[in-house]
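Trainee: Please find one structure pasted underneath; my questions will follow.
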Amino acid sequence: MHDSVLMAEISWVEYERRLKEEDAIVLVPVGAVEQHGPHLPLGTDAILAGEMSRRAAARVGGIVAPTLSYGYKSQPRTGGGDHFPGSTGLDGDNLSRLLCDVLSELGRTGAAKLAVIDGHYENQFFLTEGCEQAVRRLRAQGIDTVQILKMRYPEKVKPETLEYIEQFYPNGYPGLDLEHGGILETSMMLYLFPHLVNMDRVPLDPPANFPPYDLYPHTAAEWVPPSGVLTPAIRSSGEIGKLLVDEFVDLVAGALEAAFRSPRVDRARLIAQP
């Protein structure tokens, strides 16, 4: 039990020991419950954020708090929209307050180094607000030693990696915004959790073609392919998945080391390649 990096699997005594003796970084993965096409599970964002956090924590001496599985509402141009059954989102202020509560409690009970690892594109600015609220709340309580890092685990992809994977996109790499249920996520799931992927159900819809604006109420059903997948995933593979997982774990671990383990924190390095 004591070897686990998962907060939920260790006792409070072991948790306190690691904070005091090992100066452990506490990672908080955040995902979403959102459709990812007929071939991937609704929890893909939370599953991947949790696994990237677990692997990075094992490398840097961290502890992974339970994943916040619900995220901000799926948007048509980045996630296909919330009209698909099962997609279950939070209002933005609720997500900010939820994260604020979690970070504030972790800081109040002894964690000085916190890291929010996001796996859902739509979360990003609401998580920023939650981090800022947590800092203000902790300072009001007289706790001013807590630092919070926030990043998306796929914050960037190396140029050489992009050059390699572009060959698998018949219409060219669409960018992270449209990589929803596509080759990147599908390949990572094939590598990490193949039992959760049904390649027989991968849709053959062409890439989504969105206008350069949003419209409210949403007209997602008119814009989004029926499958919910925004770019074809048929050429996904575990080989691509391993390449991406290794790179993203390096990215997260490097950011944690730069922010919390270096003698002098260089803020410009926080999202740099390790």
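Trainee: For the residues LEU196, LEU256, what sequence is obtained by ranking on other C-beta atoms within 10 Å, fewest first?
Mentor: LEU196, LEU256
Trainee: If you don't mind, another one. Based on Cβ point charges of +1 for Lys and Arg and -1 for Asp and Glu, what charge dipole magnitude is obtained for the range 73-136 about its Cα centre, in debye rounded to the nearest 20?
Mentor: It works out to roughly 140 debye.
Trainee: Long-range amide H contacts for LEU149: which residues qualify at under 5 Å (H placed 1.01 Å from N, peptide plane, sequence gap of 5 or more or a different chain)?
Mentor: Those qualifying (amide H under 5 Å, at least 5 residues apart or on another chain) are LEU114, ALA115, VAL116.
Trainee: Taking the range 16-72 as the region of interest, what is the percent of Cα-Cα pairs per 10 angstrom bin, listed from the shortest bin to the one with the maximum distance?
Mentor: All Cα pairs considered, the percentages come to 25, 41, 24, 8, 2.
Trainee: Now, a different point. Could you work out [θ]222 nm for the chain from helices alone, using -39500 (n - 2.57) per DSSP H run of at least four and dividing by all its residues? Round to the nearest 500 deg cm²/dmol.
Mentor: Mean residue ellipticity, 222 nm, calculated: -12000 deg cm²/dmol.
Trainee: Which of the lysines could a cross-linker span from LYS158 if the Cα-Cα distance has to be under 25 Å and same-chain partners fewer than 8 positions apart are dropped?
Mentor: LYS150, LYS242
Trainee: I would also like to ask the following. Ranked highest first by average number of other Cβ atoms within 10 Å, how do 21-29, 227-235, 131-139 line up?
Mentor: In descending order of packing, they fall as 227-235, 21-29, 131-139.
Trainee: Give, as ranges by residue number, the residues of the range 220-254 whose backbone N falls under 20 Å from the point 7 Å along Cα→Cβ of ASP200.
Mentor: 227, 233-238
Each value in this text was obtained by applying a stated rule to the coordinates, not by laboratory testing. Just so it is clear, the structure is predicted and the values come from calculations on it, not from any experiment. FYI the Cβ positions are ideal-geometry reconstructions off the backbone, even for glycines, and counts take in every protein chain you see.
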